[in-house]
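Everything on this sheet refers to the single structure shown next.
Derivation of every value follows stated rules applied to the coordinates shown; laboratory data play no part. Treat the numbers as computed from the prediction; the structure is a model and nothing was measured. Backbone-built Cβ (ideal geometry, glycine too); neighbour counts: all protein chains shown.
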Amino acid sequence: MSKFHNLSIFKKLIILIGFILSGYAVTQSAFVYFQVHEDFLIQKNKIIETKKSEVTEKMNMVYKLAKQVHYEETKIETIEKNHRAKLKSIIDTVISTLEFECQKLKQQGIEDRIIEEYLKDYLRHIRYDDGMGYIFTYNMQGFIISHGDKSLENQLFINKQDANGKYFAQEFLDIAKSPDGEGFSHYYWRKLGHEKPQLKISYIKKFKPLNWVIGTGIYVEDHLPELEMKIAKLITSYFYDMGKTKNNYFFILTEKAVEVLNGGFPELNGKSVWDLQDKEGHFFTREMIKMARDSQSKNGFVEYLWHRPITYDKMTKITRVQWFEPFRWTIATGVYVEDLGIEEIHQELQQKTYSIIKKIVLSGTAFLLIGIFMSMSLVRLLINPLISAKNAAEEISKGNFSQEIIYEAKDEIGQLVTTLNIMAKQLKSSFDKLNQQNQELIRLNQDKNEFLAIAAHDLKNPLSGILGLSENIVDSNGEMPPEDILEFTGMIKDSAERMFLLITNLLDVNSLESGKITVHLKPVDILNLIKKNLHNYQDRSKNKQLTLHLIANENNVYVAYADKELVHQILDNLISNAIKYSPSNSNKNIYVRISEQHKTIRCEIQDEGQGLTPQDQKKLFSKFQRLSAKPTGGEHSTGLGLFIVKKLVEAQQGQVWCESEVGKGATFIVEFPQSK
């Protein structure tokens, strides 16, 4: 080893090249082998991805068809058309019976009152469709006079709404008053023995002898099983060819892994496959359902072992799953990997590999000879990177951190180059981070200066007023009339309240921006908070001749998942603003509405004041903003209220915005989530 150490660089290189090139054939052959193997994997993945795309196209076609059929079959017009004859026949039969019985009883001289009670009792006991179908009867004033649920009788429904806000009883009467005296109506109503309202389609007809409105209907949900089976048969009746696999099939799973229909294995129809595993212990049906139901895209691929139809050979299968929300199904179809021609490609690439390795062995000898003559060039190649590294280090010392040395070798020089490059990147990152922190400090300092300037400006005037008024009282030496003292102390109180409001808002802003505010989310009755806030502002609104209106459905419960105190503060601010910016002595109105939206409770505060310009709306929820709209009764504004409102709403995962036109007032809308 010591002899080798004492050799010249040129001789060392000759020896090293000999050793290196002698193993060239082996290393290059290994490289080719692994490269070909990698190419095979790339081609394999490309084929699989192509087939996945084709399977996805098939799935999308079937899925869109199923969605279209479901849409068409569940349209109100379709359901009315499909059940018109049945419902009309039932009503016509009932009315014919009533007319016959009414005429017969009148001929017997029975009083009208007794006849009516007899007919009502007859109607309330009519049942069909396994006891779920019944007859309901209204008089022309909107009272239920006969119903399958007797507890509803003698109640006035003319002003009642269904879950979608529809005045269904009024629509019944309108149909009865129409020239035909009969027709369809759809609305939400609960089944007998159930609490939750469901979509119902009823056929209405007027019973002219007694001016009654008689109807019966069907619940859409009761007819979904027939539609489910129709769509399931439509899906599983489609077969397609792909690769070597003929008649690829579709199958459908319920959310509990029961086979609705299986186009390839009909013996599984109606059976639970929840515990079905492949030979590797893979619960693939559970994974299919989870992928389809819980993934963001509601679809994806699942790979598992499954046997072919007819032959029952177990093979790797890649299956596309798609969630079908109307029936909470998982629709699936797939292809067997072994049928995609991948094995043939693998054999062909192996033959090419052996041919290339043979050529490498022959060329290795030639490279060994050439390497001797390249030794001098290699010496220069070793020295040049060192020179580049030295020059780069000098540039880095001058602050040029973007300097990068290009050297791909992994030897000691390469390690040195890598270390220098990493050092340059770390230095650049550190300087960038320091610059970013410096910019943030500049911004915070600007906010601080603006904060102090506004605080000083807005506190100076009320403090000056307090000093001036108090000096007048002191200078009067007790001779100031009591009514003047009372007036001055009232003015001092107003100035103190302005200072207190400003300081409170500034502290709220500081808490919000520093993250010190604590939010306690729990179920909150929003309607109750609105009522309390409106009660608190009754006197103030009357002083400006404003009328506060609450618009809500008192039968509904408006519960949001929010912080009660923060919601109170938000509503207080918005209602206070509505009063503040509404014109005095103009008999204007302020409307506060509450409604239930999709997964949210919405509150709307609408005034009839000045309105907001588009420019004002852009900066409405920013800090320290003074808008063109001004308070109408001499009230004070800090420019922080709406900024605080927005921060408090967002802290509760809600949202707030404004809709306004100049001269037409403004509506502030805030929504709170109904659940976590």
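What the table below lists for this structure:
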| quantity | calculated |
| --- | --- |
| Amide H contacts of G334 (H built 1.01 Å from N, under 5 Å, at least 5 apart or other chain) | Y249, R320 |
| Amide H partners (placed H, <5 Å) of G609, local residues excluded | G665, A666 |
| Phi to ³J(HN,Hα) by Karplus 6.51 cos²θ - 1.76 cosθ + 1.60 over the range 116-124, Hz, x for Gly, Pro | 4, 5, 5, 5, 4, 5, 4, 5, 5 |
| Förster radius 45 Å - calculated FRET efficiency between R113 and E221, Cβ distance, rounded to 0.05 | 0.70 |
| Spin-label model distance (nm) - N587 vs F265, 7 Å beyond Cα toward Cβ | 7.9 nm |
| Net charge of neighbours whose Cβ lies under 15 Å from the Cβ of H282, counting Lys and Arg as +1 and Asp and Glu as -1 | 0 |
| Two-site FRET efficiency, S96 against S675, from Cβ-Cβ distance with R₀ of 51 Å, rounded to 0.05 | 0.50 |
| Total charge dipole magnitude, the range 511-577, about the Cα centre, Cβ charges on Lys, Arg, Asp, Glu only, Debye to nearest 20 | 180 debye |
| ³J(HN,Hα) computed for each position of the range 522-537 - Karplus, 6.51 cos²θ - 1.76 cosθ + 1.60, integer Hz, glycine/proline x | 6, x, 10, 7, 5, 4, 5, 5, 4, 4, 5, 5, 5, 4, 5, 9 |
| Computed FRET value (nearest 0.05) for N247 with K166, which takes r as the C-beta separation and R₀ as 60 Å | 0.75 |
| Under-5 Å amide H pairs with G300, H placed in peptide plane, nonlocal only | V321 |
| Using θ = phi - 60° and Karplus 6.51 cos²θ - 1.76 cosθ + 1.60, couplings along the range 604-611 (whole Hz; Gly, Pro as x) | 10, 10, 10, 10, 10, x, 6, x |
| Additional length obtainable on full extension of the chain from L234 to C658, 0.36 nm per residue less Cα span | 147.8 nm |
